[in-house]
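Below is one structure, written out as C-alpha cells, with a few remarks after it.
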Amino acid sequence: MMNRLIRPLAAAMLAGAAVSALPASAQDTPAPAAAAAAKEARIPFASMVRDYRAEDRDAIYLRAGRDWYRGTFFAPCQELPWAWNIRFDNSPGVDAIDRFSTVIARGERCRLNSLVKIVGEPPAKAKKPGKPDK
C-alpha cells in the first residue's frame, strides 16, 4: 500500500524537476534587454564630435573621429531638425557623451536614452541640420 502512494509522488516530483530544468537552459542565451545594454557606447570627449545629423525628432547621429554613433531620446526633440548647432550638457566634471548626456538644440534640452556605435555612415534618411522636409 505504501508503494502505491510513493510511486505517484515520485513521478510527480520527477515531472516537476524536469519542468523546472527547462528555464535553466533558456538562461544560456542573453536576454534582448541585456544584449542591448551591452552595446551602449561612450564618446570620451565632447570635443571629439565633428558632425551630426538629425533623424527626425527621435534620434541623432554623431560623428566622433571616423566612427558614427546613433543616439535616441526619451521624448521627441522638436527643435533638432532645424538646429544649426548643438551643445551637450553633461554631469559636472564629465566631458564624455553617453546615454546620460543631454543634447541642447535651439534652447531645447533633449535627454539621451541610448547611444550606440553604428557601422558605416548614417542612412540617407538622416538630414543635415536646417533642411526642412519638402
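Coordinate-derived values only; no laboratory data. Because the structure is a prediction, the values reported are computed rather than measured. Neighbour counts are summed over all protein chains in view; Cβ atoms, including those assigned to glycine, are modelled from backbone coordinates with ideal geometry.
Projecting label points 7 angstrom from Cα along Cα→Cβ for residue 47 and residue 87 puts them 1.8 nm apart.
Within the range 52-99, the trypsin sites (Lys or Arg not before Pro) that combine a DSSP coil assignment with at most 12 other C-beta atoms in a 10 angstrom radius are 66.
Between the residues 101, 90, 62, the greatest Cα displacement towards the positive end of the dipole of the range 46-118, with unit charges on the Cβ of Lys, Arg, Asp and Glu, is found for 62.
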